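Some notes on the structure that comes next.
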Amino acid sequence: MAKRYVVAKLGEIAPGTSKLVNVDGKEIGVFNVGGAFYALLSKCPHKGAELCKGKIVRRVASDEPGQYAVIPDSEMIRCPWHGWQYDLRTGQSWCDSDNVALRKYAVSVETGEGLLEGPFVAESYAVSVDESYVLVEI
């Protein structure tokens, strides 16, 4: 059964940013993309760079030279060392999509009241019932 961990207050990870957290010995990047949260192992499968230090970009498509379109809702994290890109929603690589993908983790946002009730393991934080928290599930 998966364990859930509190990693941040909702407002700590602004849209378009990320936070590097250590959960159960794993360095995980938690990303806020327009209010939706995604979590990926922050180690590039290509050469091990810290992906959280990379830039969040959108995928670009082209049908012919000189013509391109930015694809909406296609946020990617670009590796800071070699530019490999990974889909924030799935962890899929667009450099070698058949052989390389990041491990992804489930992320949820819940109220402080919900955290006090469930039969799961979570780090202890002083919270009030009206605040929301970001959880990473491993």
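Each peptide in 67-76, 37-46 receives the mean, over its residues, of other Cβ atoms within 10 Å, and ordering these scores from highest gives 37-46, 67-76. A Förster radius of 35 Å combined with the Cβ-Cβ distance from K26 to S74 puts the calculated FRET efficiency at roughly 0.85. Summarising the overall dimensions of segment 51-91 from its C-alpha atoms, the Rg and Dmax are 11.2, 32 angstrom. log₁₀ I(q)/I(0) of segment 22-80 at q = 0.17, 0.24 Å⁻¹, via Debye over equal Cα point scatterers, no solvent, to two decimals? Summing over Cα pairs of segment 22-80 leads to -0.66, -1.00.
With a simple spin-label model that places each label point 7 Å from the Cα along the Cα-to-Cβ direction, the separation between E50 and A14 comes to 2.0 nm.
Rule-based calculations on the coordinates, nothing more; no lab input. Only a predicted model underlies this, so the values are computations on that prediction, with no experimental measurement involved. Neighbour counts are summed over all protein chains in view; Cβ atoms, including those assigned to glycine, are modelled from backbone coordinates with ideal geometry.
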